[in-house]
Amino acid sequence: MKVILLKDVKSQGKKDDIINVSDGYANNYLIKNGLAVAYSKTSKNILDQEIKVKEEKEEEIIKNCNEIKKKLEDKTFDFKVKTGAQDKVFGTVSSKQISDKLKTLGYNVDKRLIKIDNPISTLGVTKVEIELHKKVKFWININLVK
């Protein structure tokens, strides 16, 4: 029996996949528990419409992320830090601090989207990657000054 998955089902497929399963499994488990619907022309048309709407929303999100990328890409943001002997920096600059700085400038970038490979704990410029979306990644410069 052909069914359209409404949710991810382990070892069967992901949401919106069309799969073939036994009649008993489809009726007694997948459909009964709301994990799938029986495949028909009507259900296929509804699925196609939902996928189209989802793709349009995704394109809009990517467009907004690209606008933010154009404004922030390759810009340098200064952070004043305390230093000790031989210009050794006390502590590090975290993704939360970077996120807070961007918020004060009007860009709402979540700290989880800021990818810091190594701790930022030396004076000078360090490149930091920001991944707003799977398809929208860019770098900004973080400059630590005394």
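Each value in this text was obtained by applying a stated rule to the coordinates, not by laboratory testing. Please read all numbers here as calculations on a predicted model, not as lab measurements. Note: ideal-geometry Cβ built from the backbone for every residue, glycine included; neighbour counts use all protein chains shown.
Against the chain, whose longest principal axis comes from its Cα atoms, helix 95-104 is set at around 90 degrees. Residue by residue, the stretch 126-141 carries 3J(HN,Hα) couplings of 10, 7, 10, 8, 10, 10, 6, 7, 4, 9, 10, 10, 7, 10, 10, 9 Hz when phi is fed to the Karplus relation 6.51 cos²θ - 1.76 cosθ + 1.60 (θ = phi - 60°); x denotes Gly or Pro.
Based on the alpha-carbon gyration tensor of the stretch 1-64, what equivalent-ellipsoid semi-axes (square roots of 5 times the eigenvalues) come out, in whole Å, largest first? Please report the intermediate quantities before stating the final value.
Details: eigenvalues 137, 32, 13 Å².
Equivalent ellipsoid semi-axes, largest first: 26, 13, 8 Å.
Relative to the dominant Cα principal axis of the chain, helix 41-72 is inclined by about 10°.
Only the Cβ atoms of Lys and Arg (+1) and of Asp and Glu (-1) were treated as charged; on that basis the dipole of the chain about its Cα centre amounts to roughly 380 debye.
Filter LYS75/LYS115; LYS14/LYS115; LYS14/LYS41; LYS54/LYS111 down to the pairs with a C-alpha to C-alpha distance above 23 Å, please. Please report the intermediate quantities before stating the final value.
Numbers: LYS75/LYS115 16 Å; LYS14/LYS115 28 Å; LYS14/LYS41 20 Å; LYS54/LYS111 26 Å.
Those over the limit are LYS14/LYS115; LYS54/LYS111.
Positive end of the dipole of the stretch 2-64 (Cβ unit charges, origin at the Cα centre): among VAL53, SER22, SER40, the Cα lying farthest that way belongs to SER22. The phi torsions of the stretch 20-30, fed into the Karplus equation with coefficients 6.51, -1.76 and 1.60 and a -60° offset, translate into couplings of 9, 9, 5, 4, x, 4, 5, 6, 7, 10, 5 Hz, rounded to whole numbers, with Gly and Pro shown as x. Counting neighbouring Cβ atoms within 10 Å and putting the fewest first, the residues ILE140, ILE130 line up as ILE140, ILE130. Which option, (i) 2, 8, 14, 18, 18, 15, 12, 7, 3, 1, 0, 0; (ii) 2, 9, 14, 13, 9, 8, 7, 8, 8, 7, 6, 4, 2, 1, 0; (iii) 2, 7, 9, 10, 8, 8, 7, 6, 6, 5, 5, 4, 4, 3, 3, 3, 3, 2, 2, 1, 1, 1, 1, 0, 0, is the value of P(r) over Cα pairs in 5 Å bins from 0, in percent that was calculated from these coordinates? Given (i) 2, 8, 14, 18, 18, 15, 12, 7, 3, 1, 0, 0; (ii) 2, 9, 14, 13, 9, 8, 7, 8, 8, 7, 6, 4, 2, 1, 0; (iii) 2, 7, 9, 10, 8, 8, 7, 6, 6, 5, 5, 4, 4, 3, 3, 3, 3, 2, 2, 1, 1, 1, 1, 0, 0, the structure-derived one carries the label (ii).
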